[in-house]
Amino acid sequence: MCGIVGFVSTRENKDEIIENMMETIIHRGPNSSGKFTDDNVALGFRRLSIVDLEGGSQPIFNEDDTKVVIFNGEIYNYEKIRDDLKAKGHIFKTSADTEVILHGYEEYGKDIVKQLRGMFSFAIWDRETNELFGARDHFGIKPYYYAEMNGTFMFGSEIKSFLEHPDFVKELNKKALKPYMTFQYSALEETFFKNVYRIPEGHYYTYSNGELKIERYWDAEFSEKDMSLEEAVDMIDAAVDESVKAHTTGEVNIGAFLSSGVDSSYVASVLRPDNTFSIGFGDKSYNESHEAKRLTDKLGLNNTSKVVTGEEAFEYFPLIQYHLDEPDSNPSCVPLYFLSEMAAKDATIVLSGEGADELFAGYQNYGFNTRSKPVRVFTESLKKLPKKARYSIARTIKKAPNFKGSMHMYTSLAPAEDFFIGQAEVFKEDEADTFLQPEFQKSETIKEIVNRQYKKVKDLSEVKKMQYLDLHQWMPKDILLKADKLSMANSIELRVPLLDVRLMEVAQQIPTKHLLNAENTKYAFRKAANRHLPDEWADREKLGFPVPIKDWLRTEKFYLQVREMFNEEFVGEFFEQDKIIALLDDNFKEKNDERRKIWTIYTFLTWYKIFFIDGTKPVVA
């Protein structure tokens, strides 16, 4: 786990530039650094030592020094690939997984990415052809950005490193704000920095003679197979067990994040680490550490927990947004930062539970919106009707007055494209316009954004469509982004064994009826977890990280802090200030409950102030 940065250019002062760029991501790799420059390229690397502690420094060269690689991530099947490459005559200088990518590229060309199991972003420079080749892992676990400006192609793990390059032009992407108001994260392929883009998950690229070419090498392919529930549970349990074990490579301490939910609990119960880590906010309804401690006591594991105060949350919030590179108003960013900070004292690697909801249909808004068992059972029978009939019933329900179970029935029967945009919907699209200045009301529509994914899977079931959308929107642009950035902000490696390409091969085969049914979400997954956990854990509703922003925004001290931000002069460039202040005031007076909308606006303003007004890394006293 490290950080990479580089650029292709004929500039003469490459050493100085790449050093400055590397310095901005020192948190990603505090143990060591390395660089390579020639007339055409500069490659920089910061290292957090995990495998081959003595010999794994980068950049790494092939046998004749014609190719050089920098790499961020972990390859879990690197030993098998290395043995194969050695048998083919390749000579290795290290025992690190990085070198497997380089020799694999020599042997298999671009197809090496199809053999890799892990999380990765890497770049290989061919000194003979002056061609750059790079790739991002299947799910987008590791971030990868690029920009072409003033004759320079730059790339790296974090956007902030680009700010140190003299050819970089820092400009706000005005089209990013409106979709963000709905999604809560940067939803476009172009980031909040104009002309800075992401390498998409499951893609590789080449850059040669000033031309960039990006191609897909992997995508989810759902193909349900006929199997019993018991067979599905057996497959899932075996795959989870194998994946957790595969994710324990390394020569350093491994711990686990632990919440009150089934996903992280399942991972921890299989891993049995020396240390688990939990976070809370004092009040019982916001403190998952109590339940985590109960579980670790039952399992005989050690748990370390921390209670975060509102004062700490607001004090660190600018630093959190700085590390994210782009605004993300997911409230869980706050506890995740403090969880990583705490874990870093006892572990270098932590395993976490991200991915299970997307792979095994765990979200309630996939069609599990009622507590009424009779409504769920009746709706399951309606789901067996032909597609046209289901859609017709859904349209009728949408037009009818609300009744008990109407939301559940509608989301279970309607076309996914009609209602589902992912796991967050803060502002409705037309509502965002009422708060935004006219200049910021122009962007891609929400429908255009989600339809880029939906059109690829128009023949799948509604649940599979929703899973697919989340895999390509919510997962890489929010969940995985904050997981990477906020763990690396504290120089700790976060691994996600439930989001693994081999586990995905199993998940794609599980019939939807064993995942989302009248009993629960991710039903078969819960039954597999049940083999390791008490019933009360395996059957729990998903909470995420419960964060008390409702209480904060009705606490005078924090309300006034947010109001001070809303009153700043620059805010009027983006928002109708009177309207957002009224929204905040009414929330404080308990005339409304618009915490998520207020937090989303506050997050953007905090981020913008850091990168476009202050221009420096926030300092915590």
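The values are calculated or read from the model by the stated rules, or taken from the named source; none is laboratory data. Here the structure is a predicted model, which is why all the values come from computation and not from measurement. All Cβ positions, even for glycine, are placed from backbone atoms using ideal geometry, and neighbour counts span all protein chains on display.
Kindly establish whether Glu221 is free of Cβ contacts under 8 Å to residues at least 40 places away in the same chain, within 30 Å of Val457 (Cα to Cα) and of a type outside the set (A, V, I, L, M, F, W, C).
No; evaluated as a whole, the condition is false for this residue.
The set of residues in the range 305-333 that are closer than 18 Å to Gly280 by Cβ, touching a residue at least 40 places away in the same chain (Cβ under 8 Å) and assigned to a loop (DSSP other than H, G, I, E, B) comprises Asn330, Pro331, Ser332. Pairs linking a residue in the range 103-129 that is in contact (Cβ under 8 Å) with a residue 40 or more places away in the chain to a residue that is in a helix (DSSP H, G or I) and small (Gly, Ala, Ser), with Cβ atoms under 8 Å and 6 or more positions apart or on different chains, are Leu116/Gly104; Arg117/Ala246. Restricting attention to the range 475-511, the residues that are hydroxyl-bearing (Ser, Thr, Tyr) and modelled with pLDDT under 95 total 1.
Scan the range 338-347 and tell me whether some residue there is on the phi > 0 side of the Ramachandran plot, in the same structural domain as Asp478 (by TED's automatic domain parsing) and of a type outside the set (A, V, I, L, M, F, W, C). Within the range 338-347, none of the residues are on the phi > 0 side of the Ramachandran plot, in the same structural domain as Asp478 (by TED's automatic domain parsing) and of a type outside the set (A, V, I, L, M, F, W, C).
Checking each residue in the range 173-197 for being assigned to a strand (DSSP E or B) and buried (at least 22 other Cβ atoms within 10 Å of the Cβ) picks out Phe193, Val196.
Among the residues of the range 396-432, which ones are exposed (fewer than 15 other Cβ atoms within 10 Å of the Cβ) and either in contact with a strand residue (DSSP E or B) (Cβ under 8 Å, 6 or more places away or on another chain) or in contact (Cβ under 8 Å) with a residue 12 or more places away in the chain (or both)?
Lys398, Lys404, Asp418, Lys428
Residues checked against (1) charged (D, E, K, R); (2) within 19 Å of Asp325 (Cβ to Cβ):
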| residue | (1), (2) |
| --- | --- |
| Gly6 | no, yes |
| Ser9 | no, no |
| Asp15 | yes, no |
| Glu19 | yes, no |
| Glu23 | yes, yes |
| His27 | no, yes |
| Ser33 | no, no |
| Asn40 | no, no |
| Leu43 | no, no |
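Applying the criterion of at least 2 residues that are at pLDDT below 95 and within 22 Å of Ala424 (Cβ to Cβ) to the helices (runs of 4 or more DSSP H) found wholly in the range 519-570 leaves 549-552. Considering the conditions (1) among the basic types (Lys, Arg); (2) touching a helix residue (DSSP H, G or I) at 6+ places or on another chain (Cβ under 8 Å); (3) at pLDDT 95 or above, Arg136 is excluded by exactly one of them, (2). When residues in the range 249-279 are screened for being under 21 Å from Arg531 (Cα atoms), in contact (Cβ under 8 Å) with a residue 60 or more places away in the chain and touching a Phe, Trp or Tyr at 6+ places or on another chain (Cβ under 9 Å), 13 of them pass. The residues of the range 97-124 that are crowded, with 24+ Cβ neighbours inside 10 Å and in contact with an Asp or Glu (Cβ under 6 Å, 6 or more places away or on another chain) amount to a single one, Met119.
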